[in-house]
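Just below is one structure, and these are the notes that go with it.
The values are calculated or read from the model by the stated rules, or taken from the named source; none is laboratory data. In this text, all values refer to a predicted model and were calculated from it rather than measured experimentally. Here Cβ is always computed from backbone atoms with ideal geometry, including for glycine, and neighbour counts include all displayed protein chains. Accessible surface is based on the protein model in full, side chains and every heavy atom, while ligands, DNA and RNA are left aside. Shrake-Rupley method; radii C 1.70, N 1.55, O 1.52, S 1.80 Å.
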Amino acid sequence: GENDLVVLVRGSTVTLETMKVVATRNVPARLAEVDARIARGEPNAVVTRADIDKRNPMKLSQMLRGVAGLRLADSSGAMVAISTRGVKFQREGLYVPCVMRVMVDGVITSSSVDIDNVVPVDVYAVEVFFGGARVPPQFGGIRTDQWCGLIAIWTRASD
């Protein structure tokens with residue numbers, strides 16, 4: 001057989017309360033990527049602009065002193081970060097401290113660059129990645145000099 005069904009729909013309106021829209025500030029694309037990585041939890045540790053404003057450090061290394069997994073040391077007058085998660089084996093059969101690489105605005109610096117060369121007031125965020133497996137591939141995560149990890153410093157300089 002055949003069945004017929006009649007459905008009556010009555011219209012109604014709903015009035016929503018006033019909505020206030022607040023726009024976010026314009027962030028350069030490179031900093032939006034930093035924010036996205038931080039939101040996804042990719043870095044092992046993070047220092048944000050809010051953290052820096054709260055502590056008002058004289059040197060950037062002061063912001064990294066409390067980060068578990070690294071220690072700061074003076075290396076010929078330069079403040080460097082050393083991974084506490086192990087040592088680095090060299091061909092000569094020696095074990096040496098595992099000095100973390102530093103990247104400033106996407107550029108990998110020399111292993112002897114002083115972290116304190118970057119003024120805290122200029123910093124947008126700092127991402128800390130322990131070991132090559134955690135370093136994002138776009139930052140050269142599989143290179144041997146990344147085995148100890150990476151400290152990515154992002155400045156507030158405009159694009």
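Could you grab me the full set of residues in segment 123-138 that are assigned to a strand (DSSP E or B) and touching a Gly at 6+ places or on another chain (Cβ under 9 Å)?
Scanning segment 123-138 gives 128, 129.
State all residues of segment 96-108 that are among the β-branched types (Val, Ile, Thr), under 18 Å from the mean Cα position of the chain (by Cα) and surrounded by fewer than 16 Cβ atoms within 10 Å (Cβ to Cβ); if no residue qualifies, say none.
107
Mind counting the residues in segment 64-95 that are open to solvent by 40 Å² or more (accessible area, probe 1.4 Å) and among the aliphatic types (A, V, I, L, M)?
Residues flagged as open to solvent by 40 Å² or more (accessible area, probe 1.4 Å) and among the aliphatic types (A, V, I, L, M) within segment 64-95 amount to 3.
State whether the residues of segment 70-93 include one that is farther than 17 Å from residue 34 by Cβ, touching a residue at least 12 places away in the same chain (Cβ under 8 Å), assigned to a loop (DSSP other than H, G, I, E, B) and among the aliphatic types (A, V, I, L, M).
No: zero hits.
Do you know which of the residues in segment 42-67 that are among the hydrophobic types (A, V, I, L, M, F, W, C), under 15 Å from the mean Cα position of the chain (by Cα) and in a loop (DSSP other than H, G, I, E, B) is nearest to residue 106 (Cα to Cα)?
Across segment 42-67, the extreme among qualifying residues is 60.
Could you tell me which residue of segment 23-41 is nearest to residue 69 (Cα to Cα), considering only residues that are assigned to a loop (DSSP other than H, G, I, E, B) and open to solvent by less than 60 Å² (accessible area, probe 1.4 Å)?
The qualifying residue nearest to residue 69 (Cα to Cα) is 41.
Mind checking which residues of segment 110-120 are open to solvent by less than 50 Å² (accessible area, probe 1.4 Å) and touching a helix residue (DSSP H, G or I) at 6+ places or on another chain (Cβ under 9 Å)?
Those that are open to solvent by less than 50 Å² (accessible area, probe 1.4 Å) and touching a helix residue (DSSP H, G or I) at 6+ places or on another chain (Cβ under 9 Å): 114, 115, 116, 120.
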